[in-house]
Amino acid sequence: MEYTLTGLLPAALLIDLPEIDVQHEEIFRRIEALKRASFGTGPVSFEECHDLLDYLEWHFASEESVARERGVDFADHARVHDQNLHMLRRALAAVHDGSQDVHSFLRYAEYWFERHIAEEDKPFADRLRNRAA
Ligand SMILES: [Fe+2]
């Protein structure tokens, strides 16, 4: 299958697994779109924020299935995914009840995700490559 990147991801955040890189790019694209909307005139769509988290959940499951297919242990990484998803859903609930603003939620999501790619996904991609070698 062909995976086409749009250039939104800086080279430093590419993990060289095309199917995962396009998903990472899509997550940043969604966060960017929500950030733009949050500085606009209308209210940010909660539905799109929930869609972002649903997509993130699907993306985590897809990383997990890549690991399973290639026989790479993913237990610690999956735990990090679960914890983060839980934190992000809590943060979004706080936006709903008015105790946190949507900008904080989006900054948190973006910061966490960027750090996660650098600190967890890149080593994961290296383990996959080492196993294949
Ligand atoms: Fe991950």
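Can you say whether His81 is free of Cβ contacts under 8 Å to residues at least 40 places away in the same chain, within 15 Å of the ligand (Cβ to nearest atom) and surrounded by 16 or more Cβ atoms within 10 Å (Cβ to Cβ), as far as the supplied structure shows?
On the way: free of Cβ contacts under 8 Å to residues at least 40 places away in the same chain: yes; within 15 Å of the ligand (Cβ to nearest atom): yes; surrounded by 16 or more Cβ atoms within 10 Å (Cβ to Cβ): yes.
So His81 fits the description; yes.
For the condition surrounded by 13 or more Cβ atoms within 10 Å (Cβ to Cβ), within 14 Å of the ligand (Cβ to nearest atom), assigned to a loop (DSSP other than H, G, I, E, B) and touching a residue at least 24 places away in the same chain (Cβ under 8 Å), what is the one hit in Ile15, Ile27? Break it down stepwise before answering.
On the way: Ile27 fails: assigned to a loop (DSSP other than H, G, I, E, B).
It is Ile15.
Determine which member of the set Ala133, Ala94 is over 22 Å from Phe39 (Cα atoms), out of contact with any Leu (no Cβ under 8 Å at 6 or more places or on another chain) and of a type in the set (Gly, Ala, Ser).
On the way: Ala94 fails: over 22 Å from Phe39 (Cα atoms).
Within the list Ala133, Ala94, the selection yields Ala133.
Name the pairs whose Cβ atoms lie under 6 Å apart, with the first residue in the range 49-63 and more than 21 Å from Val102 (Cβ to Cβ), the second more than 16 Å from the ligand (Cβ to nearest atom) and outside any helix (DSSP H, G or I), and 6 or more positions between them or separate chains?
Within 6 Å, no pair qualifies.
Residues in the range 68-117 that are among the acidic types (Asp, Glu) and outside any helix (DSSP H, G or I): how many?
Kept after step one, since they are among the acidic types (Asp, Glu), are these residues of the range 68-117: 69, 73, 76, 82, 97, 101, 110, 114.
Within this subset, residues satisfying the condition of being outside any helix (DSSP H, G or I) are 73, 97, 101.
So the answer is 3.
Taking the range 91-127 on its own, how many of its residues are within 19 Å of His59 (Cβ to Cβ), within 19 Å of the chain's Cα centre (by Cα) and of a type outside the set (Asp, Glu)?
17
Could you tell me which of the residues Ala125, Ala91, Ala118 is open to solvent by less than 20 Å² (accessible area, probe 1.4 Å) and within 15 Å of the ligand (Cβ to nearest atom)? Quick ask: steps written out before the conclusion?
Values: Ala91 fails: within 15 Å of the ligand (Cβ to nearest atom); Ala118 fails: open to solvent by less than 20 Å² (accessible area, probe 1.4 Å).
Every option except Ala125 fails the conditions.
Consider Leu34 against the criteria (1) among the aliphatic types (A, V, I, L, M); (2) away from the ligand (no atom under 16 Å from the Cβ); (3) surrounded by fewer than 17 Cβ atoms within 10 Å (Cβ to Cβ): it satisfies all of them except one. Which criterion is unmet?
(3)
Could you list, in sequence order, all residues of the range 37-60 that are exposed (fewer than 13 other Cβ atoms within 10 Å of the Cβ), among the hydrophobic types (A, V, I, L, M, F, W, C) and not in a helix (DSSP H, G or I)?
Result: Phe39, single match.
The values are calculated or read from the model by the stated rules, or taken from the named source; none is laboratory data. This structure is a prediction, so every number in the text was calculated from the model and none was measured. Don't worry about glycine lacking a Cβ; one is built from the backbone with ideal geometry, like all the others, and counts go over all protein chains shown. Note: accessible area is taken over every heavy atom of the protein model, side chains too, but ligands, DNA and RNA are not part of it. Shrake-Rupley method; radii C 1.70, N 1.55, O 1.52, S 1.80 Å.
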